[in-house]
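Have a look at the structure below, then the notes.
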Amino acid sequence: MSQLLILTALAFLLDLLAAPVDLARAPGTHVVTVSGAAGHYTEPGIAINPNDPRQMVAAFQGGKQVQGTATAVYSTDGGLTFAPGKGTDSTDWRVLGDVTTTFDNKGNVYLCSIAFDHLGTSGYWAHNVHRNGIIVRRSQDGGKTWAPAVSNVKTFSHDDDHGIQFEDEPRMFADNNPTSPYAGSLYVGWVEWQLTQSVMYFSRSKDQAKTWSSPIRISTKAGLPRDDNGGLGGYHQAIGADGAIYAIWADATSIVMTTSHDGGASFAPSRSVVPIGPPYFGDVPGVSRVEGFPQIAMERRRGGKLFVCWSDYSNGDVDVFVAASADQGRTWGKPVRVNDDPIHNGIDQFYQWMALDPVTGAIYVDFYDRRGDVENVKAWVTLARSIDGGRSFRNYAWTTVPFNPLRAFLGDYTWIDAYNNRVAAAWTETETAATRANATTVIKVGTADFTHVAP
(Lines give C-alpha, C1' and ligand atoms only; values in the text may rest on other atoms or scores of the structure.)
Protein backbone atom coordinates (compact mmCIF):
# COMPACT_ATOMS: atom_id res chain seq x y z
CA MET A 1 0.00 0.00 0.00
CA SER A 2 1.39 3.40 -0.98
CA GLN A 3 2.21 6.03 1.64
CA LEU A 4 -0.59 8.24 0.27
CA LEU A 5 -3.18 5.48 0.68
CA ILE A 6 -1.99 4.77 4.23
CA LEU A 7 -2.26 8.45 5.17
CA THR A 8 -5.71 8.68 3.58
CA ALA A 9 -6.93 5.61 5.46
CA LEU A 10 -5.49 6.90 8.72
CA ALA A 11 -7.19 10.29 8.26
CA PHE A 12 -10.49 8.52 7.57
CA LEU A 13 -10.22 6.40 10.74
CA LEU A 14 -9.36 9.44 12.85
CA ASP A 15 -12.34 11.22 11.32
CA LEU A 16 -14.64 8.40 12.40
CA LEU A 17 -13.22 8.31 15.91
CA ALA A 18 -13.64 12.06 16.34
CA ALA A 19 -17.17 12.27 14.94
CA PRO A 20 -20.26 12.00 17.15
CA VAL A 21 -21.40 8.47 17.87
CA ASP A 22 -22.61 6.48 14.85
CA LEU A 23 -22.76 9.47 12.48
CA ALA A 24 -21.24 9.37 9.00
CA ARG A 25 -19.75 12.56 7.59
CA ALA A 26 -21.98 14.67 5.40
CA PRO A 27 -20.94 14.05 1.77
CA GLY A 28 -18.49 16.53 0.32
CA THR A 29 -18.02 18.19 3.70
CA HIS A 30 -15.82 21.27 3.85
CA VAL A 31 -15.56 23.52 6.91
CA VAL A 32 -13.67 26.82 6.96
CA THR A 33 -13.25 29.61 9.51
CA VAL A 34 -14.38 32.88 7.94
CA SER A 35 -14.02 35.37 10.80
CA GLY A 36 -10.24 35.51 10.93
CA ALA A 37 -8.53 35.73 14.31
CA ALA A 38 -10.61 34.84 17.33
CA GLY A 39 -12.64 37.61 18.92
CA HIS A 40 -16.28 38.00 19.92
CA TYR A 41 -18.12 36.92 16.77
CA THR A 42 -21.73 35.72 16.78
CA GLU A 43 -25.03 35.45 14.93
CA PRO A 44 -24.12 34.59 11.36
CA GLY A 45 -26.33 34.51 8.29
CA ILE A 46 -25.57 32.85 4.96
CA ALA A 47 -27.12 32.90 1.48
CA ILE A 48 -26.53 31.06 -1.79
CA ASN A 49 -27.09 32.92 -5.05
CA PRO A 50 -29.82 30.97 -6.91
CA ASN A 51 -28.61 32.46 -10.20
CA ASP A 52 -25.07 31.17 -9.59
CA PRO A 53 -24.78 28.70 -6.68
CA ARG A 54 -20.99 29.05 -6.69
CA GLN A 55 -21.58 32.47 -5.13
CA MET A 56 -22.23 32.62 -1.39
CA VAL A 57 -22.21 35.40 1.16
CA ALA A 58 -21.89 34.90 4.90
CA ALA A 59 -22.43 37.74 7.36
CA PHE A 60 -21.87 38.03 11.09
CA GLN A 61 -21.47 40.53 13.90
CA GLY A 62 -18.65 41.23 16.32
CA GLY A 63 -14.93 41.76 16.33
CA LYS A 64 -12.06 42.02 18.75
CA GLN A 65 -14.28 43.81 21.24
CA VAL A 66 -17.50 42.47 22.70
CA GLN A 67 -19.49 44.97 20.65
CA GLY A 68 -18.41 45.26 17.05
CA THR A 69 -19.43 45.66 13.48
CA ALA A 70 -21.29 43.85 10.73
CA THR A 71 -18.98 41.86 8.46
CA ALA A 72 -19.67 40.08 5.18
CA VAL A 73 -17.45 37.53 3.44
CA TYR A 74 -18.03 36.17 -0.05
CA SER A 75 -17.19 33.01 -1.97
CA THR A 76 -17.06 32.39 -5.72
CA ASP A 77 -16.13 28.70 -5.50
CA GLY A 78 -19.08 27.17 -3.69
CA GLY A 79 -17.80 27.86 -0.19
CA LEU A 80 -14.31 26.41 -0.47
CA THR A 81 -12.76 29.81 0.19
CA PHE A 82 -14.05 33.15 1.39
CA ALA A 83 -12.72 36.70 1.16
CA PRO A 84 -13.81 39.77 3.15
CA GLY A 85 -16.18 42.21 1.48
CA LYS A 86 -15.52 45.94 1.63
CA GLY A 87 -17.80 48.66 2.95
CA THR A 88 -19.99 46.87 5.51
CA ASP A 89 -18.97 48.98 8.50
CA SER A 90 -20.71 52.17 9.60
CA THR A 91 -19.40 55.49 10.85
CA ASP A 92 -22.91 56.60 11.84
CA TRP A 93 -23.58 53.97 14.50
CA ARG A 94 -21.52 52.57 17.34
CA VAL A 95 -22.76 48.99 17.00
CA LEU A 96 -24.16 46.90 14.15
CA GLY A 97 -25.56 43.45 14.83
CA ASP A 98 -28.26 40.79 14.29
CA VAL A 99 -27.20 40.48 10.67
CA THR A 100 -28.96 38.59 7.88
CA THR A 101 -28.16 38.38 4.19
CA THR A 102 -30.07 37.34 1.07
CA PHE A 103 -29.79 37.33 -2.74
CA ASP A 104 -32.62 38.62 -4.91
CA ASN A 105 -33.70 37.29 -8.29
CA LYS A 106 -31.32 39.68 -10.11
CA GLY A 107 -28.22 38.48 -8.23
CA ASN A 108 -27.99 41.48 -5.91
CA VAL A 109 -27.12 40.61 -2.33
CA TYR A 110 -28.28 42.51 0.74
CA LEU A 111 -27.04 42.93 4.29
CA CYS A 112 -29.58 43.79 6.98
CA SER A 113 -28.68 44.66 10.57
CA ILE A 114 -29.74 46.52 13.64
CA ALA A 115 -27.82 49.71 14.46
CA PHE A 116 -27.57 51.36 17.86
CA ASP A 117 -25.36 53.38 20.16
CA HIS A 118 -26.48 52.13 23.56
CA LEU A 119 -28.94 49.52 24.78
CA GLY A 120 -31.47 49.95 27.53
CA THR A 121 -31.68 47.92 30.71
CA SER A 122 -30.45 44.34 30.26
CA GLY A 123 -33.32 42.28 28.86
CA TYR A 124 -35.65 45.31 29.00
CA TRP A 125 -34.25 47.04 25.93
CA ALA A 126 -36.85 49.80 25.57
CA HIS A 127 -36.03 51.16 29.03
CA ASN A 128 -33.56 54.05 28.53
CA VAL A 129 -32.57 52.88 25.06
CA HIS A 130 -30.69 55.36 22.84
CA ARG A 131 -31.16 55.98 19.10
CA ASN A 132 -31.38 52.79 17.10
CA GLY A 133 -32.87 51.25 13.99
CA ILE A 134 -32.69 48.74 11.14
CA ILE A 135 -30.50 49.43 8.11
CA VAL A 136 -29.86 47.63 4.80
CA ARG A 137 -26.89 47.71 2.42
CA ARG A 138 -26.70 46.32 -1.13
CA SER A 139 -23.91 44.71 -3.13
CA GLN A 140 -24.12 44.28 -6.89
CA ASP A 141 -20.95 42.18 -7.25
CA GLY A 142 -21.66 39.16 -5.08
CA GLY A 143 -20.58 40.71 -1.80
CA LYS A 144 -17.16 42.01 -2.82
CA THR A 145 -18.10 45.65 -2.33
CA TRP A 146 -21.06 47.23 -0.56
CA ALA A 147 -22.62 50.55 -1.48
CA PRO A 148 -21.84 53.30 1.04
CA ALA A 149 -25.47 54.39 1.11
CA VAL A 150 -27.81 52.56 3.45
CA SER A 151 -31.57 52.42 3.43
CA ASN A 152 -33.45 52.74 6.68
CA VAL A 153 -36.22 50.25 7.32
CA LYS A 154 -37.08 51.97 10.59
CA THR A 155 -34.84 54.20 12.71
CA PHE A 156 -34.91 56.53 15.68
CA SER A 157 -32.22 58.99 14.60
CA HIS A 158 -31.91 61.03 17.80
CA ASP A 159 -31.83 60.15 21.48
CA ASP A 160 -34.66 62.60 22.14
CA ASP A 161 -37.00 61.12 19.51
CA HIS A 162 -40.54 60.90 20.85
CA GLY A 163 -41.62 57.40 21.85
CA ILE A 164 -38.25 55.78 21.17
CA GLN A 165 -38.38 51.98 21.17
CA PHE A 166 -35.83 49.28 20.36
CA GLU A 167 -35.98 47.53 16.99
CA ASP A 168 -34.48 44.05 17.35
CA GLU A 169 -33.62 40.84 15.50
CA PRO A 170 -34.64 41.75 11.92
CA ARG A 171 -34.72 38.96 9.34
CA MET A 172 -34.61 39.76 5.63
CA PHE A 173 -35.97 37.63 2.77
CA ALA A 174 -36.27 37.94 -1.02
CA ASP A 175 -39.06 36.66 -3.25
CA ASN A 176 -37.17 34.65 -5.89
CA ASN A 177 -40.12 32.58 -7.09
CA PRO A 178 -40.32 32.96 -10.88
CA THR A 179 -44.12 32.53 -10.84
CA SER A 180 -44.71 35.09 -8.10
CA PRO A 181 -46.34 38.41 -9.07
CA TYR A 182 -44.09 40.01 -6.42
CA ALA A 183 -40.80 38.47 -7.59
CA GLY A 184 -37.89 40.71 -6.68
CA SER A 185 -39.55 42.11 -3.57
CA LEU A 186 -37.60 42.25 -0.30
CA TYR A 187 -39.17 41.71 3.10
CA VAL A 188 -37.99 42.41 6.65
CA GLY A 189 -39.74 41.34 9.86
CA TRP A 190 -38.61 42.08 13.41
CA VAL A 191 -39.64 42.49 17.03
CA GLU A 192 -40.07 45.96 18.53
CA TRP A 193 -39.49 46.21 22.26
CA GLN A 194 -41.77 48.80 23.82
CA LEU A 195 -41.97 49.80 27.46
CA THR A 196 -45.20 47.87 27.98
CA GLN A 197 -45.13 45.13 25.34
CA SER A 198 -43.35 43.44 22.43
CA VAL A 199 -44.86 43.45 18.93
CA MET A 200 -43.90 42.13 15.50
CA TYR A 201 -43.40 44.58 12.64
CA PHE A 202 -42.96 44.15 8.89
CA SER A 203 -41.76 46.26 5.96
CA ARG A 204 -41.21 45.60 2.24
CA SER A 205 -39.19 47.08 -0.60
CA LYS A 206 -40.10 46.86 -4.28
CA ASP A 207 -37.10 48.80 -5.59
CA GLN A 208 -34.05 46.76 -4.52
CA ALA A 209 -33.89 48.28 -1.01
CA LYS A 210 -33.81 51.89 -2.14
CA THR A 211 -36.99 52.60 -0.16
CA TRP A 212 -39.10 50.72 2.35
CA SER A 213 -42.80 50.79 3.10
CA SER A 214 -44.05 52.26 6.35
CA PRO A 215 -43.74 49.46 8.94
CA ILE A 216 -46.98 47.71 9.87
CA ARG A 217 -47.73 45.71 12.97
CA ILE A 218 -48.46 42.06 12.13
CA SER A 219 -48.82 40.51 15.60
CA THR A 220 -52.43 40.60 16.71
CA LYS A 221 -51.52 39.63 20.27
CA ALA A 222 -48.64 41.49 21.94
CA GLY A 223 -46.02 39.82 24.07
CA LEU A 224 -44.43 40.83 27.34
CA PRO A 225 -41.92 43.72 27.24
CA ARG A 226 -38.82 41.80 28.33
CA ASP A 227 -36.43 39.73 26.21
CA ASP A 228 -37.41 36.47 27.89
CA ASN A 229 -40.16 33.87 27.87
CA GLY A 230 -43.41 35.68 27.22
CA GLY A 231 -41.88 38.17 24.83
CA LEU A 232 -42.28 37.73 21.07
CA GLY A 233 -39.21 36.64 19.14
CA GLY A 234 -37.69 34.88 16.16
CA TYR A 235 -39.43 36.28 13.08
CA HIS A 236 -39.09 34.01 10.04
CA GLN A 237 -41.04 33.56 6.80
CA ALA A 238 -41.58 31.40 3.75
CA ILE A 239 -42.81 32.55 0.33
CA GLY A 240 -45.09 30.46 -1.84
CA ALA A 241 -44.93 30.00 -5.59
CA ASP A 242 -47.80 32.47 -5.87
CA GLY A 243 -45.99 35.07 -3.74
CA ALA A 244 -48.00 34.38 -0.58
CA ILE A 245 -46.06 35.13 2.63
CA TYR A 246 -46.23 32.76 5.58
CA ALA A 247 -44.71 34.53 8.60
CA ILE A 248 -44.07 32.96 12.01
CA TRP A 249 -42.53 33.76 15.37
CA ALA A 250 -42.58 32.39 18.92
CA ASP A 251 -44.53 33.62 21.88
CA ALA A 252 -44.60 32.05 25.35
CA THR A 253 -45.58 28.48 24.42
CA SER A 254 -46.52 28.37 20.75
CA ILE A 255 -45.53 29.19 17.19
CA VAL A 256 -47.64 32.05 15.86
CA MET A 257 -48.39 32.47 12.14
CA THR A 258 -49.90 35.09 9.88
CA THR A 259 -50.25 35.22 6.10
CA SER A 260 -50.25 37.83 3.36
CA HIS A 261 -51.61 37.36 -0.15
CA ASP A 262 -50.87 40.85 -1.49
CA GLY A 263 -47.10 40.99 -1.32
CA GLY A 264 -46.95 42.15 2.29
CA ALA A 265 -49.31 45.10 1.98
CA SER A 266 -51.61 43.53 4.59
CA PHE A 267 -51.72 40.44 6.80
CA ALA A 268 -54.38 38.20 8.27
CA PRO A 269 -54.82 38.20 12.06
CA SER A 270 -52.01 36.18 13.62
CA ARG A 271 -52.85 33.00 15.55
CA SER A 272 -51.10 30.22 17.44
CA VAL A 273 -50.63 27.17 15.22
CA VAL A 274 -48.17 24.78 16.90
CA PRO A 275 -47.71 24.34 20.67
CA ILE A 276 -44.05 24.27 21.76
CA GLY A 277 -42.00 24.46 24.91
CA PRO A 278 -40.84 27.92 26.06
CA PRO A 279 -38.44 29.29 23.38
CA TYR A 280 -35.78 30.46 25.86
CA PHE A 281 -34.04 27.86 27.98
CA GLY A 282 -31.06 28.68 30.16
CA ASP A 283 -30.36 25.19 31.48
CA VAL A 284 -28.06 24.02 28.66
CA PRO A 285 -24.73 23.36 30.43
CA GLY A 286 -21.91 25.73 29.58
CA VAL A 287 -23.90 28.07 27.31
CA SER A 288 -24.79 31.61 28.37
CA ARG A 289 -28.30 31.30 26.91
CA VAL A 290 -30.11 29.28 24.27
CA GLU A 291 -33.17 29.93 22.11
CA GLY A 292 -35.29 27.50 20.14
CA PHE A 293 -36.96 30.07 17.88
CA PRO A 294 -38.70 28.53 14.85
CA GLN A 295 -38.13 28.58 11.10
CA ILE A 296 -40.64 27.94 8.33
CA ALA A 297 -40.20 26.64 4.77
CA MET A 298 -42.52 25.80 1.88
CA GLU A 299 -41.92 23.29 -0.86
CA ARG A 300 -42.80 24.13 -4.44
CA ARG A 301 -42.78 20.63 -5.89
CA ARG A 302 -45.47 18.65 -4.05
CA GLY A 303 -48.45 20.88 -3.49
CA GLY A 304 -46.95 23.60 -1.36
CA LYS A 305 -46.48 21.74 1.92
CA LEU A 306 -45.34 23.92 4.85
CA PHE A 307 -42.80 22.93 7.49
CA VAL A 308 -41.84 24.54 10.80
CA CYS A 309 -38.74 23.65 12.80
CA TRP A 310 -37.84 24.52 16.39
CA SER A 311 -36.11 23.13 19.48
CA ASP A 312 -37.31 22.82 23.08
CA TYR A 313 -37.00 20.64 26.18
CA SER A 314 -40.44 19.02 26.13
CA ASN A 315 -38.62 15.66 26.21
CA GLY A 316 -36.56 16.70 29.24
CA ASP A 317 -33.33 17.33 27.37
CA VAL A 318 -33.36 19.69 24.37
CA ASP A 319 -34.40 18.15 21.03
CA VAL A 320 -35.09 19.48 17.53
CA PHE A 321 -38.51 19.06 15.93
CA VAL A 322 -40.23 19.53 12.56
CA ALA A 323 -43.99 19.66 11.97
CA ALA A 324 -45.75 19.77 8.59
CA SER A 325 -48.96 21.23 7.21
CA ALA A 326 -50.59 20.23 3.93
CA ASP A 327 -53.26 22.95 3.97
CA GLN A 328 -51.34 26.26 4.08
CA GLY A 329 -50.94 26.17 7.84
CA ARG A 330 -54.55 25.66 8.90
CA THR A 331 -53.74 22.32 10.54
CA TRP A 332 -50.42 20.72 11.51
CA GLY A 333 -49.27 17.14 11.90
CA LYS A 334 -47.54 15.55 14.88
CA PRO A 335 -43.97 16.84 15.36
CA VAL A 336 -41.13 14.65 14.11
CA ARG A 337 -37.95 14.47 16.20
CA VAL A 338 -35.04 15.49 13.94
CA ASN A 339 -32.06 14.35 16.02
CA ASP A 340 -31.91 10.55 16.04
CA ASP A 341 -30.03 9.82 19.28
CA PRO A 342 -31.96 7.91 22.00
CA ILE A 343 -34.83 9.87 23.45
CA HIS A 344 -34.63 11.04 27.11
CA ASN A 345 -30.88 10.40 27.15
CA GLY A 346 -30.02 13.68 28.86
CA ILE A 347 -28.13 14.98 25.81
CA ASP A 348 -28.95 18.36 24.28
CA GLN A 349 -29.33 19.34 20.62
CA PHE A 350 -29.88 23.08 20.24
CA TYR A 351 -29.66 26.24 18.11
CA GLN A 352 -31.22 24.60 15.08
CA TRP A 353 -31.85 26.22 11.70
CA MET A 354 -33.84 24.83 8.76
CA ALA A 355 -33.76 25.37 5.00
CA LEU A 356 -35.62 23.67 2.15
CA ASP A 357 -33.92 23.08 -1.19
CA PRO A 358 -36.21 24.84 -3.74
CA VAL A 359 -34.98 22.56 -6.54
CA THR A 360 -35.13 19.09 -4.93
CA GLY A 361 -37.54 19.63 -2.03
CA ALA A 362 -35.11 18.12 0.49
CA ILE A 363 -35.22 19.60 4.01
CA TYR A 364 -31.98 20.38 5.84
CA VAL A 365 -31.52 21.21 9.53
CA ASP A 366 -28.26 22.04 11.28
CA PHE A 367 -27.80 22.12 15.06
CA TYR A 368 -25.26 21.87 17.86
CA ASP A 369 -25.10 18.24 18.99
CA ARG A 370 -23.69 16.80 22.24
CA ARG A 371 -24.39 13.10 21.67
CA GLY A 372 -20.63 12.42 21.54
CA ASP A 373 -20.08 13.64 25.12
CA VAL A 374 -21.68 11.76 28.02
CA GLU A 375 -21.09 14.85 30.18
CA ASN A 376 -23.32 16.89 27.81
CA VAL A 377 -20.78 19.73 27.51
CA LYS A 378 -18.77 19.47 24.29
CA ALA A 379 -20.64 20.14 21.05
CA TRP A 380 -20.33 19.14 17.43
CA VAL A 381 -22.36 20.45 14.49
CA THR A 382 -24.78 17.95 12.93
CA LEU A 383 -26.62 18.18 9.61
CA ALA A 384 -29.97 16.41 9.26
CA ARG A 385 -31.63 15.73 5.91
CA SER A 386 -35.13 14.60 4.96
CA ILE A 387 -36.08 13.47 1.47
CA ASP A 388 -39.55 12.13 2.35
CA GLY A 389 -41.38 15.35 3.15
CA GLY A 390 -40.25 15.64 6.75
CA ARG A 391 -41.45 12.20 7.87
CA SER A 392 -37.91 11.09 8.77
CA PHE A 393 -34.40 12.58 8.99
CA ARG A 394 -30.94 11.12 8.53
CA ASN A 395 -28.25 12.73 10.68
CA TYR A 396 -24.72 13.44 9.42
CA ALA A 397 -21.63 14.71 11.24
CA TRP A 398 -20.73 18.11 9.81
CA THR A 399 -17.82 18.63 12.21
CA THR A 400 -15.53 16.05 13.80
CA VAL A 401 -13.69 18.16 16.37
CA PRO A 402 -15.89 19.28 19.28
CA PHE A 403 -15.75 22.62 21.03
CA ASN A 404 -16.49 23.60 24.63
CA PRO A 405 -18.78 26.66 24.80
CA LEU A 406 -17.07 27.84 28.04
CA ARG A 407 -20.18 29.96 28.77
CA ALA A 408 -19.37 32.18 25.78
CA PHE A 409 -22.20 34.02 24.07
CA LEU A 410 -22.83 31.92 20.94
CA GLY A 411 -25.46 34.34 19.70
CA ASP A 412 -29.15 33.84 19.16
CA TYR A 413 -29.02 31.76 15.98
CA THR A 414 -27.12 29.84 13.32
CA TRP A 415 -28.19 29.85 9.64
CA ILE A 416 -28.42 27.41 6.74
CA ASP A 417 -29.25 27.64 3.02
CA ALA A 418 -29.63 25.01 0.29
CA TYR A 419 -29.87 24.94 -3.47
CA ASN A 420 -29.87 21.98 -5.90
CA ASN A 421 -28.33 19.41 -3.49
CA ARG A 422 -25.69 21.81 -2.16
CA VAL A 423 -25.95 23.01 1.42
CA ALA A 424 -24.15 25.77 3.31
CA ALA A 425 -24.44 26.76 6.97
CA ALA A 426 -22.77 29.28 9.25
CA TRP A 427 -22.35 28.92 13.00
CA THR A 428 -20.38 30.18 16.00
CA GLU A 429 -17.78 28.16 17.94
CA THR A 430 -15.39 28.94 20.75
CA GLU A 431 -11.89 28.78 19.31
CA THR A 432 -9.56 25.98 20.34
CA ALA A 433 -7.27 28.13 22.50
CA ALA A 434 -10.11 29.80 24.41
CA THR A 435 -10.35 29.53 28.19
CA ARG A 436 -13.18 30.33 30.58
CA ALA A 437 -11.45 33.58 31.41
CA ASN A 438 -11.17 34.46 27.72
CA ALA A 439 -13.94 32.65 25.86
CA THR A 440 -13.34 34.00 22.36
CA THR A 441 -15.30 32.82 19.35
CA VAL A 442 -14.98 32.33 15.59
CA ILE A 443 -17.50 31.96 12.76
CA LYS A 444 -17.34 28.83 10.64
CA VAL A 445 -19.02 27.94 7.37
CA GLY A 446 -19.71 24.34 6.46
CA THR A 447 -20.72 23.08 3.03
CA ALA A 448 -21.93 19.68 1.87
CA ASP A 449 -22.86 18.23 -1.52
CA PHE A 450 -25.60 15.59 -1.91
CA THR A 451 -25.54 15.57 -5.72
CA HIS A 452 -24.33 11.98 -5.95
CA VAL A 453 -26.18 10.59 -2.91
CA ALA A 454 -28.89 8.12 -3.85
CA PRO A 455 -32.44 9.09 -2.77
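The values are calculated or read from the model by the stated rules, or taken from the named source; none is laboratory data. Please read all numbers here as calculations on a predicted model, not as lab measurements. Glycine gets a Cβ as well: all are built from the backbone with ideal geometry, and neighbour counts include every protein chain shown.
Values for this structure:
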{"item": "Subset tally (residues that are surrounded by 19 or more Cβ atoms within 10 Å (Cβ to Cβ), farther than 12 Å from residue 389 by Cα and over 18 Å from the mean Cα position of the chain (by Cα)) for region 319-331", "result": "1"}
{"item": "Residue among 219, 214, 205, 185 that is modelled with pLDDT of 95 or more, of a type in the set (Gly, Ala, Ser), surrounded by fewer than 23 Cβ atoms within 10 Å (Cβ to Cβ) and closer than 21 Å to residue 265 by Cα", "result": "214"}
{"item": "Candidate set: region 261-286, residues that are surrounded by 23 or more Cβ atoms within 10 Å (Cβ to Cβ) and not aliphatic (A, V, I, L, M); chosen: the one nearest to residue 176 (Cα to Cα)", "result": "264"}
{"item": "Considering residues of region 363-384 that are touching a Lys or Arg at 6+ places or on another chain (Cβ under 6 Å) and crowded, with 21+ Cβ neighbours inside 10 Å only, the residue nearest to residue 290 (Cα to Cα)", "result": "379"}
{"item": "Residue tally, condition buried (at least 23 other Cβ atoms within 10 Å of the Cβ) and either in a loop (DSSP other than H, G, I, E, B) or among the polar types (S, T, N, Q) (or both), over region 105-125", "result": "2"}
{"item": "Index of the failed condition, residue 445 passing every other in (1) assigned to a strand (DSSP E or B); (2) surrounded by fewer than 23 Cβ atoms within 10 Å (Cβ to Cβ)", "result": "(2)"}
{"item": "Among the residues listed as 228, 242, the single one being closer than 21 Å to residue 314 by Cα, touching a residue at least 40 places away in the same chain (Cβ under 8 Å) and surrounded by fewer than 23 Cβ atoms within 10 Å (Cβ to Cβ)", "result": "228"}
{"item": "Among the residues listed as 72, 58, 38, the single one being surrounded by fewer than 22 Cβ atoms within 10 Å (Cβ to Cβ) and not charged (D, E, K, R)", "result": "38"}
{"item": "All positions within region 25-35 that are among the polar types (S, T, N, Q), crowded, with 24+ Cβ neighbours inside 10 Å and modelled with pLDDT of 95 or more", "result": "none"}
{"item": "Strands (runs of 3 or more DSSP E) contained entirely in region 179-283, each with at least 3 residues that are within 26 Å of residue 106 (Cβ to Cβ) and acidic (Asp, Glu)", "result": "none"}
{"item": "Cross-chain or 6+ apart pairs with Cβ under 6 Å, region 104-125 first and without any contact (Cβ under 8 Å) to a residue 24 or more places away in the chain, then part of a loop (DSSP other than H, G, I, E, B)", "result": "121/127"}
{"item": "Contacts under 8 angstrom Cβ, first residue in region 383-397 being farther than 17 Å from residue 323 by Cβ and free of Cβ contacts under 8 Å to residues at least 60 places away in the same chain, partner surrounded by 24 or more Cβ atoms within 10 Å (Cβ to Cβ) and of a type in the set (A, V, I, L, M, F, W, C), 6 or more apart", "result": "394/384"}
{"item": "Enumeration of residues in region 287-304 that are surrounded by 21 or more Cβ atoms within 10 Å (Cβ to Cβ) and within 15 Å of residue 246 (Cα to Cα)", "result": "294, 295, 296, 297, 298, 299"}
{"item": "Meets criteria (at pLDDT 95 or above, assigned to a loop (DSSP other than H, G, I, E, B), crowded, with 23+ Cβ neighbours inside 10 Å and in contact with a strand residue (DSSP E or B) (Cβ under 9 Å, 6 or more places away or on another chain)) for residue 428", "result": "no"}
{"item": "Selection from region 305-318 of residues that are surrounded by 21 or more Cβ atoms within 10 Å (Cβ to Cβ) and free of Cβ contacts under 8 Å to residues at least 60 places away in the same chain", "result": "309, 311, 312, 318"}
{"item": "Criterion violated by residue 365 - all others in (1) closer than 25 Å to residue 300 by Cβ; (2) more than 18 Å from the chain's Cα centre (by Cα) satisfied", "result": "(2)"}
{"item": "Elements of type strands (runs of 3 or more DSSP E) in region 299-394, at least 3 residues being at pLDDT below 95", "result": "none"}
{"item": "Only one of 89, 98 that is in contact with a strand residue (DSSP E or B) (Cβ under 9 Å, 6 or more places away or on another chain), among the acidic types (Asp, Glu) and crowded, with 19+ Cβ neighbours inside 10 Å", "result": "98"}
